[in-house]
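Asks: Before we start, here is the structure in question, set down as structure tokens.
Where a number appears in this text, it was derived from the coordinates with a stated rule and is not lab data. Note that the structure is a prediction, hence the values are computed from the model and not measured. Glycine gets a Cβ as well: all are built from the backbone with ideal geometry, and neighbour counts include every protein chain shown.
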Amino acid sequence: MMDIDLLSLFDRSCLDSAELMAKAALQKNRNLPIGCVIALDGRIIGQGANAVIHPQYNPMRHAEMEAMQSVPCDLWEQAKDMTLYTTLEPCIMCLSTIILHGIGRIVFGAHDVKGGGTAILGHLPPCYANGGVPKIVGPVAPERFDKYYALADRMFAELPCAVNTQNS
Ligand SMILES: [Zn+2]
């Protein structure tokens, strides 16, 4: 864990934006309260909110996947210089996609005790590991973001995929 005060002002403003996405996911669309933004050269170039439950069940629509899909195609060559900010430690699907496409840095708010993807970092196949594992900073503010995780965890238990995990 690290102190959020050690992050730059821009880092903290990006985390604020990710938190707004998480709140909107829950309050506006009744999805899991998880939000994400992606930044490059001091500006936000992508953002996403969890959309797994509404408008219809879609297992792919994690906040990080939504944010990566919103990044303009011509910027991907600069992936190493991007930072992905997410309110919750990425799952293995999202973390794998982040690594495969070379995003250089991840900052996350809360640790995902049950499903956090960082558990796989020591076990990557060569094509992932050789590309360089992103710098991972987090959990940076559990006192602020753990409440979203607790709620997301309860909502996850109601999803079809929960029967296939120890989360049911
Ligand atoms: Zn995910």
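Asks: Using only C-alpha positions, report the orientation-averaged shadow area of the convex hull of region 70-168, nm², one decimal.
Replies: 7.1 nm²
Asks: For the chain, what does the relative contact order come out to in percent, with C-alpha contacts under 8 Å and a separation of six or more?
Replies: RCO, the chain: 20 percent.
Asks: With a length cut of 24 Å (Cα positions projected on each helix's long axis) and a Kyte-Doolittle mean of at least -1.0, go through the chain and give me the DSSP H helices that pass.
Replies: Counting only whole DSSP H runs, the qualifying helices are 9-27.
Asks: What order do you get for 133-144, 27-38, 95-106 when each peptide is scored by the mean count of other beta carbon atoms within 10 Å, highest first?
Replies: Listed from highest to lowest mean packing, they are 27-38, 95-106, 133-144.
Asks: Might you report the magnitude of the Cβ-based charge dipole of region 1-103 about its Cα centre, with Lys and Arg at +1 and Asp and Glu at -1, to the nearest 20 debye?
Replies: I would put it at about 480 debye.
Asks: Once the dipole of the chain is set up with Lys and Arg at +1 and Asp and Glu at -1 on Cβ about the Cα centre, which of 145, 108, 60 lies farthest towards its positive end?
Replies: Farthest towards the positive end: 60.
Asks: Return the distance in nm (one decimal) between the two label points of a simple spin-label model at residue 28 and residue 92, each offset 7 Å from Cα along Cα→Cβ.
Replies: Reported label-point gap for residue 28 and residue 92 is 3.2 nm.
Asks: Could you pull out the chymotrypsin sites (Phe, Trp or Tyr not before Pro) across region 49-100 that fall in loop regions by DSSP (anything but H, G, I, E, B) with no more than 15 other Cβ atoms inside 10 Å?
Replies: In loop regions of region 49-100 (DSSP not H, G, I, E or B), the sparsely surrounded chymotrypsin sites (Phe, Trp or Tyr not before Pro) are 57.
Asks: Further, regarding this structure: Give me Rg/Rg_expected for the chain, where Rg uses Cα atoms only and Rg_expected = 2.2 N^0.38 Å with N residues.
Replies: Normalised Rg, Cα atoms only: 0.96.
Asks: Now a separate question. Arranged by the count of other C-beta atoms within 10 angstrom, fewest first, what order do 111, 62 take?
Replies: 111, 62
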